[in-house]
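Report on the structure given below.
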Protein chains: 2
Amino acid sequence: MSEVKRPKDQLKAHIRAQNQTLILETSERVFARQGLAKTTTQMIADEAGLPKANVHYYYRSKKDLLEAVLERILRLWLDSVSEFNVEEGPRHNLTRYISEKIDQSRTNKNASKIFAMALIGEESFVLDYLRSLFVTELSREKATIQIWVDQGLMQPVSTEHLFISIWAMTQTYADFDAQVKIMLQKDNLEEIDYEDAKLFITRMVLAGCGVTE
Amino acid sequence: MSEVKRPKDQLKAHIRAQNQTLILETSERVFARQGLAKTTTQMIADEAGLPKANVHYYYRSKKDLLEAVLERILRLWLDSVSEFNVEEGPRHNLTRYISEKIDQSRTNKNASKIFAMALIGEESFVLDYLRSLFVTELSREKATIQIWVDQGLMQPVSTEHLFISIWAMTQTYADFDAQVKIMLQKDNLEEIDYEDAKLFITRMVLAGCGVTE
DNA sequence: GTCTATACCTGGATAGAC
DNA sequence: GTCTATCCAGGTATAGAC
């Protein structure tokens, strides 16, 4: 009722925020490790050092919790990749975009896997999110690429298939890292492997798009 | 005990083979649709028109059943893609390889999804299979590509990253078809979409590898 | 080889004391 | 806000009649 928060309310709000963050971060790890369906609220509670009922206090159902985790991931996802900057031209932009996507795969492997699992399982929450996102985002990228094509800086390409390919190639190093490790015959992926991936993918994309500048 | 099968044994063997096939084909659909963990033996039994106990009679546990499904998929997987033919050169071989992989994604979408789900979940069965496969397969492809490089038909590339990229790009049209549909703003992927994908991916790969012939 | 009935267990979710 | 105890649904797997 009161407009001004009293100390007690602030304390409560603090505890709430702290616990929610703990639960979300723990969930992200467990979901990524165990898979969405195999994960139990008990596992999350144990790993967070909380009783199970406590988890259900903050997130009524497992579905609610998963959606909160997904929302957190998707927001972070967007913030960590730069938008295209027309003036800098295709070479610079595409190179940076690929580099940032690979870095994202590396530093947020769990997030990437959860996203992939939700997508393959066609979780409506994620599909709705993508639908609302793509209409705005993609049309802008499309316009930018058209400008570069008109300027003769690159050849005309299908923006849709270009992005589908870039996402597929960069995310595979996070989502299917088990396969990548087997291919490279390594127990763990290192800095050099990610750099090799960047170089290879960038080379293919730039050559495939006929980027001149 | 007897070396020669009697009619009754043959009949039994027939029934067994027929039921196993029915169960495996049904499982493939259900696993792909519901996800590995969410799928219950009850669902499979219902969709196959069999009592649940019957499913457990042929496949003692759900794990056994999943492994049988995976084995079936992986065998089919290998058979449907041609090996490289040195004499025909890189352009022809890579173009065909990509085309066949896309066709595979299209005609065996369920198989591809199950494989992807097992891989992302790091199912040891699949990892072991890949490990034993890659050592033999990849080294041969690597040798072939080296020959083409020596002949000046293409530039030197990392065979590992090349295959990782091709697999990622082609499989994404099966595994993450929900995302692709949103991107292309279509309710269903058609012939033309797969052909566009083939053209785009082939163009990138050939250009990226500097294929001349 | 088939199928009903059931044992046994695990998981999600909540009531209610603190 | 915390946590113990518990309910109940649904899952795997099998025993045993046919």
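The values are calculated or read from the model by the stated rules, or taken from the named source; none is laboratory data. As the structure is a prediction and not an experimental result, all values here were calculated from the model. Positions of Cβ are backbone-derived with ideal geometry, glycine not excepted, and every protein chain shown enters the neighbour counts. Please note that ligands, DNA and RNA were not included when accessible areas were found on the heavy atoms of the full protein model with its side chains. Shrake-Rupley method; radii C 1.70, N 1.55, O 1.52, S 1.80 Å.
Odds and ends about this structure:
- Cα gyration tensor, the range B:80-208 - rounded (a/c under 1.5), prolate or oblate: oblate
- Mean separation of Cα contacts under 8 Å, 6 or more apart, over the residue count of chain A: relative contact order %: 24 percent
- When the residues A:132, A:105 are ordered by accessible surface, computed with a 1.4 Å probe over the protein chains alone, the sequence from largest down reads A:132, A:105.
- Isotropic mean projected area of the C-alpha convex hull, the range A:1-118 (nm²): 10.6 nm²
- Cβ neighbours within 10 Å from other chains - mean over B:113-119: 3
- Taking 0.36 nm per residue of separation and subtracting the current Cα-Cα distance, fully stretching the chain between residue A:127 and residue A:75 would add 17.3 nm.
- Segment residue B:82..residue B:186, full-extension length gain: 34.3 nm, with 0.36 nm per residue of separation and the alpha-carbon distance subtracted.
- Acute angle (nearest 10 degrees) that the helix B:124-150 long axis makes with the longest principal axis of chain B, alpha-carbon atoms: 20 degrees
- Among A:105, A:118, A:86 - extreme Cα towards positive end, dipole of the range A:52-118, charges at beta-carbon: A:118
- Among residues other than residue B:42 with Cβ under 13 Å from its Cβ, the summed charge is +1 (Lys and Arg +1, Asp and Glu -1).
- Cα gyration tensor shape of the protein assembly as shown, rounded if a/c is under 1.5, else prolate or oblate by comparing a/b with b/c: oblate
- Neighbouring partner chain Cβ atoms per residue of A:125-138, average, 10 Å criterion: 2
- Of A:50, A:76, A:184, the one that fluctuates the most in a GNM where chain A has Cα springs shorter than 10 Å: A:184
- Chain B: most fluctuating residue of B:169, B:183, B:154 per GNM, C-alpha cutoff 10 Å: B:183
- Helix axis angle, A:109-120 relative to chain A longest principal axis, alpha carbon, degrees: 90 degrees
- In the complete set of protein chains, residue-level accessible area for residue B:61 is approximately 40 Å², probe 1.4 angstrom.
- Cβ-based net charge around residue A:174, under 9 Å, with every Lys or Arg adding one and every Asp or Glu removing one: +1
- Summing charges over neighbours of residue B:198, with a neighbour being any other residue whose Cβ is under 12 Å away from its Cβ, gives -2 when K and R count +1 and D and E count -1.
- In chain B, the calculated helix contribution to ellipticity at 222 nm averages -25500 deg cm²/dmol per residue, counting -39,500 (n - 2.57) for every DSSP H run with n ≥ 4.
- For chain A, the longest principal axis of the C-alpha atoms and the axis of helix A:7-34 are separated by about 60°.
- Ordering of A:16-24, A:197-205 by burial proxy (mean other Cβ atoms within 10 Å per residue, highest first): A:197-205, A:16-24
- By the Kirkwood approach, averaging reciprocal distances over each pair of separate Cα atoms, the range A:7-70 gets a hydrodynamic radius of 11.9 Å.
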